[in-house]
1. Pick the calculated mean projected area of the Cα convex hull in nm² for this structure from (i) 12.1; (ii) 10.6; (iii) 12.8?
2. From the backbone phi of region 42-49, what are the Karplus-calculated ³J(HN,Hα) couplings (6.51 cos²θ - 1.76 cosθ + 1.60, θ = phi - 60°) in whole Hz, Gly and Pro given as x?
3. Can you give the relative contact order of the chain as a percent, counting alpha carbon pairs under 8 Å and 6+ residues apart?
4. Distance between Cα centroids, region 180-204 to region 26-46: provide it in whole Å.
5. Fewest Cβ neighbours within 10 Å first, please rank LEU118, LEU183 accordingly.
6. Quick one: THR119, THR20, fewest Cβ neighbours within 10 Å first, how do they rank?
7. To make sure I understand, if each residue's beta carbon is the centre and we count other beta carbons within 10 Å, what order do LYS134, LYS203 fall in, fewest to most?
8. Please go through the residue pairs LYS155/LYS205; LYS77/LYS134; LYS8/LYS134; LYS39/LYS205; LYS8/LYS98; LYS77/LYS203 and name each one whose alpha carbons sit more than 20 Å apart in this structure.
Amino acid sequence: METDFKYKFINSKNPKENFTLLLLHGTGGDEDDLIPIGKLFGENVNLLGVRGRVLEHGMPRYFRRLAEGVFDVEDLKYRTKELYGFLNNLPSEIPVDKNKLVALGYSNGANIAGSLLLTYPDFFKGVIQFRPMKPFSLEQNISINNIPVFISSGKMDFTVTEEDSKKWADELKNYGADVNFNLLNSGHNLTNDDVRLAVEWFKNKFN
């Protein structure tokens, strides 16, 4: 399986000793898109932005969709394995401890992070999802082993309904995840409150 991803890596002073934020952009973003947000998590955090390999009208994404809010699940699962292959065998110029990865994804990036979590439930130490949707349905229950998951959704998000957001959070709880769910007065766009709450959560869980 091809695992040639474009990426941006910013290391901390002691990269192998610190946690690494895997930054997963929304539709139309790239490996630099979430770096400014990642820097707000502190200087003792490595940052790894990875660009999605699928193009939708020229805009990078992590997997194909059939329509707005309708995922190509077969492609999603393939791309999930593809991204996992890259993360599990990081290039030598990314000298981090892959056992200290925390995914941070927005929209399409949040959805591939959720797919990775369901497919490889022991891989991440934590997951931050801004405006996620449920990626796909599992045929059987899994154990997520109390992994911390931060979710923030918008009350006025026309892409992901409040009901669907809560159902996704509840499903992760049922699988054993330690879910911190936040419903904000916003739409699908990211806000300062999203970032502030996520930074506070991260420092509480990983510092």
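1. Correct label, based on the coordinates given: (ii).
2. x, 6, 9, 10, 6, 10, 10, x
3. Details: 432 pairs, mean separation 36.5, N = 207.
Computed value for the chain: 18 percent relative contact order.
4. Centre-to-centre (Cα) distance: 15 Å.
5. Lowest count first: LEU183, LEU118.
6. Details: THR119 18, THR20 28.
The fewest-first ordering by Cβ neighbours comes to THR119, THR20.
7. On the way: LYS134 19, LYS203 12.
In order of increasing Cβ crowding within 10 Å: LYS203, LYS134.
8. On the way: LYS155/LYS205 26 Å; LYS77/LYS134 13 Å; LYS8/LYS134 27 Å; LYS39/LYS205 17 Å; LYS8/LYS98 16 Å; LYS77/LYS203 31 Å.
Exceeds cut-off: LYS155/LYS205; LYS8/LYS134; LYS77/LYS203.
Throughout, read-outs are computed from the coordinates displayed, never taken from laboratory work. Just so we're clear, the structure is a prediction, and the values are computed from it rather than from any experiment. Heads up, the Cβs are rebuilt from the backbone with ideal geometry, glycines too, and the neighbour counts pull from every protein chain shown.
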